[in-house]
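Everything on this sheet refers to the single structure shown next.
The values are calculated or read from the model by the stated rules, or taken from the named source; none is laboratory data. Remember, predicted model here, so these are calculated numbers, not experimental data. Cβ coordinates were reconstructed from backbone atoms using ideal geometry, including for glycine residues, and neighbour counts include every protein chain displayed.
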Amino acid sequence: MVSAGKDVSQGRPEPPFAESVVQVPVVSQHSIGNCLFGQPVGHHLEVQPIAVAVTRNNLTAIQSREPAELVLFTPGRPAPTVRISLSNESKEDIGHKLFHMNSGAGIACASCHPEGGEDGRTWNFACIGPRRTQSLQFGLAGTAPFHWDGDMKDFSTLMNQVFVGRMSGGQPNNLQLSGMKAWLDTLRPAPRPAPTQPAAIARGQAIFLDAKVGCASCHSGPKLTNNVSVDVGTSGAFQVPSLIGLADRAPYMHHGCAKTLRNRF
């Protein structure tokens, strides 16, 4: 799958399209009238699936995040849709919904940033060249300007140029923008196992903090970035990336040229 402005991808095998809202036909006259960007849902049941299972006789079960329930149905058969509630607590979140919805070009933010992470790919943009997908799992607050080139001064600019421009999405309103930003700032990387080599960790920390080595001069603060564009000998100045969750985010550099940290150095 290629979004507007993207023509080549490299990296891990392509993930399935992260469509978080599916429309399940409802036999009854139940109609949901809510809409996003003026596109009504109509006579469908809107759910946000987090798991799907299909039996040999084609019975389909969808576990939905919002509402929290199991939806059971058989495509193409008149049997009624069965809904089994799992919780009465709502998880509705406008930022989560916008992040996972089809922008209109067959792609969502979550297609390249699954659950705010990254797809392991280097995309070749027609106008700017190869760019490695960045993780969003440490939140965006305090990390502007955005993108490798640092050419997007704030979140509104980011959404206008990427979601609206490159992804052919509708123009988000202020409520949707603030909801998306707030949801992104709740994201955190998945927990990692407890360290098993404290001596190696201490050696690594000493190297990282050594003024002669200079890592901490740019990768500083709670998100390990000073938000500055720096030329480190890679044909231009690029934003200092956060190092949070680095072990799970190879390949490295703005164009994914380093498969390992050893390759980077």
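Give the residue that is surrounded by the fewest Cβ atoms within 10 Å (Cβ to Cβ), with candidates limited to residues of the stretch 244-261 that are within 16 Å of Asn124 (Cβ to Cβ) and under 21 Å from the mean Cα position of the chain (by Cα).
Met253
Can you pull out the strands (runs of 3 or more DSSP E) entirely within the stretch 22-115 that have at least 2 residues that are at pLDDT 85 or above?
49-54, 60-64, 69-73, 82-85
Each row is one residue, and each column tells you yes or no for (1) surrounded by 13 or more Cβ atoms within 10 Å (Cβ to Cβ); (2) of a type in the set (Gly, Ala, Ser); (3) farther than 20 Å from Ile128 by Cα.
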residue: Pro172; (1), (2), (3): yes, no, yes
residue: Ala182; (1), (2), (3): yes, yes, yes
residue: Pro189; (1), (2), (3): yes, no, yes
residue: Arg203; (1), (2), (3): no, no, yes
residue: Pro222; (1), (2), (3): no, no, yes
residue: Ser242; (1), (2), (3): yes, yes, yes
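Looking at Ser220, is it assigned to a loop (DSSP other than H, G, I, E, B), among the small types (Gly, Ala, Ser), over 16 Å from the mean Cα position of the chain (by Cα) and within 26 Å of Ala126 (Cβ to Cβ)?
No, not satisfied.
If I ask for residues that are of a type in the set (Phe, Trp, Tyr) and not in a loop (DSSP other than H, G, I, E, B), which ones from the stretch 116-141 would you list?
Scanning the stretch 116-141 gives Trp123, Phe125.
Examine the stretch 146-160 for a residue that is crowded, with 20+ Cβ neighbours inside 10 Å and among the polar types (S, T, N, Q), and state whether such a residue exists.
no
Any residue that is in contact with a strand residue (DSSP E or B) (Cβ under 6 Å, 6 or more places away or on another chain), closer than 29 Å to Phe99 by Cα and part of a helix (DSSP H, G or I) - is there at least one of those in the stretch 142-160?
Checked the stretch 142-160: at least one residue is in contact with a strand residue (DSSP E or B) (Cβ under 6 Å, 6 or more places away or on another chain), closer than 29 Å to Phe99 by Cα and part of a helix (DSSP H, G or I).
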